Amino acid sequence: MHENLTLTVEQRETGIPVTIFHIGGWLDAQSEAQFLEAARTAYDGGARHLLVDMHDLDTITSAGMRAIQKVYQVFTPKEDQFKVAHVKLCNAPPQIYNVLGITGFLQNLPMYESLEDALETFTRE
């Protein structure tokens, strides 16, 4: 059964403002536009650091990974690529983590075990 994407947005201050997307359900071709629109809205509203909490994510497809890559491109200035992570991931369920790891997706996007661990890293930038 296909589940729609759920997405809630939270703001945290960690020395720098961090926007957190809590996502659940399926990140796939049907929800890609919703995810991208939320990210563009956040960026246009002044967000420059994004944490994607995958705790409730059930499934990610290649379209979902493409959506995260596009969000990475929106949030990461060309001069900061490979220097500063403006987009980070956390709390991926094992099946999601394995897919992201096997595909090499985590080479540019750091993944953290918990929300708090990830938030701490934003203060050290």
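Each reported figure results from applying straightforward, stated rules to the coordinates on display, with no laboratory input. These numbers come from a predicted model, not from an experiment. Neighbour counts run over all protein chains shown; Cβ positions are idealised from the backbone, glycine included.
Counting other Cβ atoms within 10 Å, keep those with at most 10, restrict to DSSP loop, and tell me which chymotrypsin sites (Phe, Trp or Tyr not before Pro) in segment 1-107 are left.
Working: sites: F21, W26, F35, Y43, Y72, F75, F82, Y97, F105; in loops: F82.
Those satisfying the criteria are F82.
Please compute the net charge surrounding Y97, taking Lys and Arg as +1 and Asp and Glu as -1 over other residues with Cβ under 15 Å from its Cβ.
Within the 15 Å Cβ shell, the charges total -4.
How charged is the neighbourhood of I20? Take every other residue with its Cβ under 15 Å from the Cβ of I20, and add Lys/Arg as +1 and Asp/Glu as -1.
Local net charge: -4.
Using a cut-off of 11 Å between beta-carbons, work out the net charge of the residues near N4 (Lys and Arg +1, Asp and Glu -1, N4 not included).
-3
Restricting to Cα pairs below 8 Å that are 6+ residues apart, what does the relative contact order work out to for the chain? Please round to a whole percent.
Relative contact order, the chain: 25 percent.
For percent of Cα pairs over 27 Å apart, which listed value, (i) 25; (ii) 9; (iii) 41, comes from the coordinates shown?
(ii)
Find, among the GluC sites (Glu not before Pro) in segment 46-121, those assigned to loop by DSSP (not H, G, I, E, B) with at most 12 other beta-carbon atoms within 10 angstrom.
Those that pass, being in a loop and sparsely packed, are E113.
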